[in-house]
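First comes the structure, then the notes that go with it.
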Amino acid sequence: MKIIIRGIVQGVGFRPTVYRVAKSLGLRGYVLNKGSNVEIGIGKKGTEERFLNSLMKELPPIASIDEIEVKDEPINGYEDFEIINSSDGEKTSVTPVDTAICDECVRELFEEDNRRYLYPFINCTSCGARFSVIENLPYDRANTSMRDFEMCEDCLAEYKNPLDRRFHAQTISCSRCGPKYTLYGKDKEVVVLAEEKNPIATFAKLIDEGAIGIAKSWGGMHIICKFEQANRLRTLYKRPAKPFAVMFRDVNAMEKYASLEANEEKMLTSAHRPIVLLDKNTSSDVLDAISPGLGNIGVYLPYSGFHYVLFHYLNSDGIIMTSANVSGEPMIIRNEDAFLLKADYFLLHNRKIVNRIDDSVVRCCKGKKFFLRKSRGFVPTGLKVPYKDRVLSLGAGENVSLSISKEGNLYSSQYIGNTFHYSYLYSYPLF
Ligand SMILES: [Zn+2]
Ligand SMILES: [Zn+2]
């Protein structure tokens, strides 16, 4: 029997789960990524129902299934169950979204004897950067910007071990073989090289001392500083009133500044990890400098290994962490462009950002969430529409995004920003 599964099934640990379930039932056959779908071959007719029932119980947390097609086709030549190489095919599903670091990876991140201790790019099959690093489907390392980093022996052993939680994790890496951060000064001079000392520790110390820094994340760059530097940041970027997002170390630190309801906390700690607008619970000059004249404040929690490591070294419990772009331009993603921004220090890594993806912004109301900005953690996802035509829509000048519909599904792009012109980035002075 041949089974085609459509939905968010690549980059989420789906094939390893299929493998484990098939092995536990003693089945022979194969699983592979085909186009944007997963194809499973099962050698024994009549076992597919039991197999699918078991699979549904074991689904990885970020997988979601739109459709299952079962075909009566013979599968020959498989003595065992195997994960085989991906192949091209129809591309109707969407790529997986960037998913916040899971609890298991956070635990490993702070284990002193773990080989990924304080490694900012830690991830597994259930978490990590996805959309921001994917160039094409099927979702395999060769189709991502992790292609530039050859796995070390230890990572390769985990990648190949069906019992390891990083089995076939396409973005697997460690401090030996993965991307690295380097800290630069204003004139692009290297301040701390990853190989020498710890650039994130130095960056954190400089931020605590009052510096304004740029840090590269998964799908873009953040401007980072202490609350006390808000007014200097406003002057520097000519943003007199724009509210700044704030990242807190944890929920406790957040509660000193904003009031939090159960559904808001659930959203803040979810795998989507968006910025959530919360009501301020005190009035102070510090809070007013972050979002002048507003009763609310945009807050979020660490979502990547990098953020956890940064807070590990920071004394501050909360910092301004807002999108690094210039007015009228989308967020900056290339290292060389970062230096066009005004800042004291630049903490950049050497993994290419393939797809720009800004932080999502939501507001919770009566148990429901409303998007002010639909981006990281939520995009791309498909929406069923009652027509089959292909339609492309673009716009508008503010909160730019685009949507394309195909075969009854509508896909919206990430939030791109406020922009009224083709990028001037390389031909005009910025400020
Ligand atoms: Zn993980
Ligand atoms: Zn490695």
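The values are calculated or read from the model by the stated rules, or taken from the named source; none is laboratory data. The model shown is predicted, which means the values in this text are computed figures rather than measured ones. Glycine gets a Cβ as well: all are built from the backbone with ideal geometry, and neighbour counts include every protein chain shown. Just so you know, the surface numbers come from the protein's heavy atoms only, side chains and all, with ligands and any DNA or RNA stripped out. Shrake-Rupley method; radii C 1.70, N 1.55, O 1.52, S 1.80 Å.
Key figures
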{"item": "Test for Met146: is it at pLDDT 95 or above, within 16 Å of ligand 2 (Cβ to nearest atom) and under 24 Å from Gly7 (Cα atoms)", "result": "yes"}
{"item": "Hits in region 140-171 (condition: touching a residue at least 12 places away in the same chain (Cβ under 8 Å), within 16 Å of ligand 1 (Cβ to nearest atom) and not hydrophobic (A, V, I, L, M, F, W, C))", "result": "Glu158, Tyr159, Arg165, Arg166, His168, Gln170, Thr171"}
{"item": "Selection status of Ile75, away from ligand 1 (no atom under 16 Å from the Cβ), within 21 Å of Ile4 (Cα to Cα) and open to solvent by 30 Å² or more (accessible area, probe 1.4 Å)", "result": "no"}
{"item": "When residues of region 137-171 are limited to those that are under 18 Å from the mean Cα position of the chain (by Cα) and farther than 21 Å from Val9 by Cβ, the one most open to solvent (accessible area, probe 1.4 Å)", "result": "Arg147"}
{"item": "Scan of region 95-135 for residues that are out of contact with any helix residue (DSSP H, G or I) (no Cβ under 8 Å at 6 or more places or on another chain), without any contact (Cβ under 8 Å) to a residue 12 or more places away in the chain and more than 13 Å from ligand 1 (Cβ to nearest atom), ordered by number", "result": "Glu111, Glu112, Asp113"}
{"item": "Some residue of region 172-185 being in contact (Cβ under 8 Å) with a residue 24 or more places away in the chain, closer than 20 Å to Ala63 by Cβ and open to solvent by less than 30 Å² (accessible area, probe 1.4 Å)", "result": "yes"}
{"item": "Complete set of residues in region 207-249 that are among the basic types (Lys, Arg), surrounded by fewer than 16 Cβ atoms within 10 Å (Cβ to Cβ) and modelled with pLDDT of 95 or more", "result": "Arg232"}
{"item": "Those strands (runs of 3 or more DSSP E) lying entirely in region 324-407 with at least 3 residues open to solvent by 20 Å² or more (accessible area, probe 1.4 Å) and without any contact (Cβ under 8 Å) to a residue 12 or more places away in the chain", "result": "368-373, 391-395"}
{"item": "Where Leu52 falls short, out of the listed (1) open to solvent by less than 80 Å² (accessible area, probe 1.4 Å); (2) under 19 Å from the mean Cα position of the chain (by Cα)", "result": "(2)"}
{"item": "Cβ-Cβ under 6 Å pairs, at least 6 apart or on other chains, region 60-89 side assigned by TED's automatic domain parsing to the domain that holds Arg6 and farther than 19 Å from Leu25 by Cα, far side aliphatic (A, V, I, L, M) and part of a loop (DSSP other than H, G, I, E, B)", "result": "Ile62/Val12; Ala63/Val9; Ala63/Val12"}
{"item": "Ser284 open to solvent by 10 Å² or more (accessible area, probe 1.4 Å) and farther than 24 Å from Thr144 by Cα", "result": "yes"}
{"item": "Only listed residue being in contact with a His (Cβ under 9 Å, 6 or more places away or on another chain), over 20 Å from Asn350 (Cβ atoms) and away from ligand 1 (no atom under 16 Å from the Cβ), chosen from Ala211, Ala245", "result": "Ala245"}
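For (1) among the small types (Gly, Ala, Ser); (2) within 23 Å of the chain's Cα centre (by Cα), each residue gets a yes or a no:
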residue: Ile8; (1), (2): no, yes
residue: Val31; (1), (2): no, no
residue: Ser36; (1), (2): yes, yes
residue: Lys44; (1), (2): no, no
residue: Met56; (1), (2): no, no
residue: Val106; (1), (2): no, yes
